[in-house]
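Below is one structure, written out as structure tokens; comments come after it.
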């Protein structure tokens, strides 16, 4: 089967750094993506990793290790507006179907 | 372009009725996806179109669900004989494939369906 696992909740303070992990199990692999979703809003794309290593986009970075079937999203200099749900996602076999994790709810405290 | 749009934004229907939702993707995007999302869960894949061709449909979908994208532009999702378990947010997304094979999906605001 195909599945993704990520922590259900993470809490951090403003200005801190937080890492959200994602492990996946797929029969084919076409890259790992991350999406952010605020309450009542639509998911918005954050990053994509096709190859091993770190991708940096401003305060957000994403890492992938294909040999470990593992990735993470790193959020630096946390702001209150970063409080949201974060989903990792992979393409399934055939490269069409996209499978999302259940999401990690991030709470940023002052 | 203002992004992906969906209509209606909210729909309340009685059990057993049919409903149809519309999605207008970003104009140059050839890929279109439908998802269903319930509270506290990630988007659940329903179906995928590349241009007008429906290339994949979730096995989780019963025959009550059907989707079309007749001219490779807008898409409709129909649910027949709605059940209370169909209550959810229905999300549409569109994308272009990057040269690296990446895929940034742009989501619409969703249609919230409530079946009473």
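Only the coordinates and a few stated rules stand behind these numbers; no lab work does. All figures in this text were calculated on a predicted structure; none of them were measured in a lab. Using ideal geometry, Cβ is built from the backbone for each residue, glycine included, and neighbour counts are taken over all protein chains shown.
Can you sort A:90, B:115 from fewest to most other Cβ atoms within 10 Å of each residue's own Cβ?
In order of increasing Cβ crowding within 10 Å: B:115, A:90.
Find, to one decimal place in angstroms, the Kirkwood hydrodynamic radius of the stretch A:1-73, where the mean of 1/r is taken over every pair of different Cα atoms and then inverted.
Numbers: mean 1/r = 0.0749 Å⁻¹.
Kirkwood hydrodynamic radius for the stretch A:1-73: 13.3 Å.
How large is the Kirkwood hydrodynamic radius of the protein assembly as shown, counting all unique pairs of alpha carbons, in Å?
With all distinct Cα pairs of the protein assembly as shown included, I get 18.1 Å.
Taking every Cα atom in the stretch B:1-92, find the radius of gyration and the maximum pairwise distance Dmax, and write them in Å.
Using the Cα atoms of the stretch B:1-92, the pair Rg, Dmax is 12.9, 37 Å.
How far apart, in nanometres, would the label points at residue A:9 and residue A:81 be if each is projected 7 angstrom from Cα along the Cα-to-Cβ direction?
2.6
Can you tell me the FRET efficiency between residue A:2 and residue B:14 if r is taken as the Cβ-Cβ distance and R0 is 45 Å, rounded to the nearest 0.05?
Computed FRET efficiency for residue A:2 and residue B:14: 0.80.
Using Cα springs under 10 Å in a Gaussian network model of chain A, which residue among A:82, A:68, A:52 shows the largest mean-square fluctuation?
For chain A, modelled as a Gaussian network with Cα springs under 10 Å, the answer is A:68.
Pairs of Cα atoms under 8 Å, at least six residues apart: use those to get the relative contact order of chain B, whole percent.
Here the relative contact order equals 36 percent.
Using only atoms on other chains, find how many Cβ atoms lie within 10 Å of each Cβ of peptide B:39-46 and report the average.
Values: counts 0, 5, 6, 17, 10, 2, 7, 1.
Mean shielding count: 6.
Fewest to most neighbouring Cβ within 10 Å: what's the order for A:38, B:10?
Fewest-to-most Cβ neighbours within 10 Å comes out as B:10, A:38.
Just to be sure I understand: with springs between alpha-carbon atoms less than 10 Å apart, which residue in B:75, B:66, B:94 has the highest mean-square fluctuation in the Gaussian network model of chain B?
Most flexible of the set in this elastic network: B:66.
Quick one: compute the contact order of the stretch A:11-110, relative version, from alpha carbon pairs under 8 angstrom and 6+ residues apart, as a percent.
Relative contact order here is 36 percent.
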